[in-house]
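Following: one structure in structure tokens, then a few remarks.
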Amino acid sequence: MASSGSTVRPIASRSVAELVTSELRRSILGGALAPGQEFSLREVAGMLNVSFIPVREALRSLEAEGLVINRPGRSSMVAPLDLDDLHAIYRLRHELEPNIAAHACSLLTDAQLDELDRHATEFGDEKLGIDEIYEAHHAFHLALLKPAATEWDVRILGTLWRAAERYIRIGFGRLDPDPREHGRREHAHHDLLDAFRSRDVDLVRQGVHDHLAHNEQIALRALEPQAEAQ
């Protein structure tokens, strides 16, 4: 009979699996691994100079996030971009985020909103690349919702945000050459903060719904080349 200690995985192995997961997720969300691209476990292990075990664990985690499709005995594939998936992601976000925001608007202090206002101004900086903008965007929205969000809310929203991120990054990237886009991003987030400052729950809900609807339209741009090809 195996000892109780034999079932505990070493910390080092787990940390390697987490690092592999993080690097593969970054490559998928950033587009280095393109939608629909196939790769084998051996290829990934070779690229990252690790054994098969952490790669296999990482691919399972990424499949649970909807970023990878794993096929037994065959290669894995970056999940293709899909219109139905995108609409499903935003349908769930519309269910969750406006209601959490309506509760959070009474919990955020004026000082916290002032700090977020300063961060919103950064969205208009034309020198910032898409990676910097998206990281700041993620942190901004988490800060808006977190005062009213449970741990499960944050987990679920994190999964939905990561699932939407590939579409949003591509969509933002297509708009990035337009100098007006940076100003639009800044004003859109200032407008959202104005709704929170009002402490009016209906206004906050509508503001978040409108913000999500606009972002979904940007995300749809990621599917334009696919539609044109068809």
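The values are calculated or read from the model by the stated rules, or taken from the named source; none is laboratory data. Bear in mind that the values here come from a model prediction, so they are computed numbers and not experimental data. Because the Cβ atoms are built from the backbone with ideal geometry, glycine has one as well, and the counts that use them run over all protein chains shown.
Is it true that G158 is under 30 Å from V78 (Cα atoms), at pLDDT 85 or above and either touching an Asp or Glu at 6+ places or on another chain (Cβ under 6 Å) or not polar (S, T, N, Q) (or both)? Before the answer, list the steps.
Working: under 30 Å from V78 (Cα atoms): yes; at pLDDT 85 or above: yes; either touching an Asp or Glu at 6+ places or on another chain (Cβ under 6 Å) or not polar (S, T, N, Q) (or both): yes.
Criteria met by G158.
Go through region 83-120 and count every residue that is under 30 Å from E38 (Cβ atoms), surrounded by 14 or more Cβ atoms within 10 Å (Cβ to Cβ) and either aliphatic (A, V, I, L, M) or free of Cβ contacts under 8 Å to residues at least 60 places away in the same chain (or both). Quick ask: steps written out before the conclusion?
Filtering region 83-120 for residues under 30 Å from E38 (Cβ atoms) gives 83-93.
Of the ones still in play, those that are also surrounded by 14 or more Cβ atoms within 10 Å (Cβ to Cβ) are 85-86, 88-90, 92-93.
Among the residues that remain, those that are also either aliphatic (A, V, I, L, M) or free of Cβ contacts under 8 Å to residues at least 60 places away in the same chain (or both) are: 86, 88-89, 92.
Summing the residues that are under 30 Å from E38 (Cβ atoms), surrounded by 14 or more Cβ atoms within 10 Å (Cβ to Cβ) and either aliphatic (A, V, I, L, M) or free of Cβ contacts under 8 Å to residues at least 60 places away in the same chain (or both) in region 83-120 gives 4.
Collect the residues in region 112-125 that are assigned to a helix (DSSP H, G or I) and closer than 18 Å to I218 by Cβ, keeping them in residue-number order. Working first, answer last.
Here is the first cut: in region 112-125, the residues assigned to a helix (DSSP H, G or I) are 112-122.
Hit for region 112-125 is A120, nothing else.
Name every residue in region 132-172 that is surrounded by 16 or more Cβ atoms within 10 Å (Cβ to Cβ) and either small (G, A, S) or not assigned by TED's automatic domain parsing to the domain that holds V204 (or both), in order of residue number.
Those that are surrounded by 16 or more Cβ atoms within 10 Å (Cβ to Cβ) and either small (G, A, S) or not assigned by TED's automatic domain parsing to the domain that holds V204 (or both): A136, A143, A148, A149, A163, A164, G171.
Say whether the condition of being part of a helix (DSSP H, G or I), of a type in the set (A, V, I, L, M), modelled with pLDDT of 90 or more and out of contact with any His (no Cβ under 7 Å at 6 or more places or on another chain) is met by at least one residue in region 103-111. Let's see the steps before the verdict.
Residues of region 103-111 part of a helix (DSSP H, G or I): 103-104, 110-111.
Imposing the further condition that a residue be of a type in the set (A, V, I, L, M) reduces the set to 104, 111.
Pick out the ones that are also modelled with pLDDT of 90 or more and you get 104, 111.
Narrowing the set further to residues that are out of contact with any His (no Cβ under 7 Å at 6 or more places or on another chain) leaves 104, 111.
Yes; the residues of region 103-111 include at least one that is part of a helix (DSSP H, G or I), of a type in the set (A, V, I, L, M), modelled with pLDDT of 90 or more and out of contact with any His (no Cβ under 7 Å at 6 or more places or on another chain).
Go through region 15-46 and report how many residues are within 21 Å of L81 (Cα to Cα) and not hydroxyl-bearing (S, T, Y).
First pass over region 15-46, keeping only residues within 21 Å of L81 (Cα to Cα): 21-40.
Cutting the leftovers down to not hydroxyl-bearing (S, T, Y) gives us 23-26, 28-39.
So the answer is 16.
Condition test on A139, is it modelled with pLDDT of 85 or more, among the hydrophobic types (A, V, I, L, M, F, W, C) and under 18 Å from H189 (Cβ atoms)? Please lay out each step first, then the result.
On the way: modelled with pLDDT of 85 or more: yes; among the hydrophobic types (A, V, I, L, M, F, W, C): yes; under 18 Å from H189 (Cβ atoms): yes.
Taking the combined requirement at face value, the residue satisfies it.
If you check A34, A2, which single one turns out to be in contact with a strand residue (DSSP E or B) (Cβ under 7 Å, 6 or more places away or on another chain), in a loop (DSSP other than H, G, I, E, B) and modelled with pLDDT under 90?
Details: A2 fails: in contact with a strand residue (DSSP E or B) (Cβ under 7 Å, 6 or more places away or on another chain).
Unique residue meeting the criteria: A34.
Can you go through I100, I53 and tell me which one is aliphatic (A, V, I, L, M), in a helix (DSSP H, G or I) and either at pLDDT 95 or above or farther than 22 Å from R26 by Cα (or both)?
Within the list I100, I53, the selection yields I100.
Here is a list of conditions, (1) touching a helix residue (DSSP H, G or I) at 6+ places or on another chain (Cβ under 7 Å); (2) crowded, with 17+ Cβ neighbours inside 10 Å, and H182 meets all of them except one; can you say which number that is?
Evaluating H182 over (1) touching a helix residue (DSSP H, G or I) at 6+ places or on another chain (Cβ under 7 Å); (2) crowded, with 17+ Cβ neighbours inside 10 Å leaves (1) as the failure.
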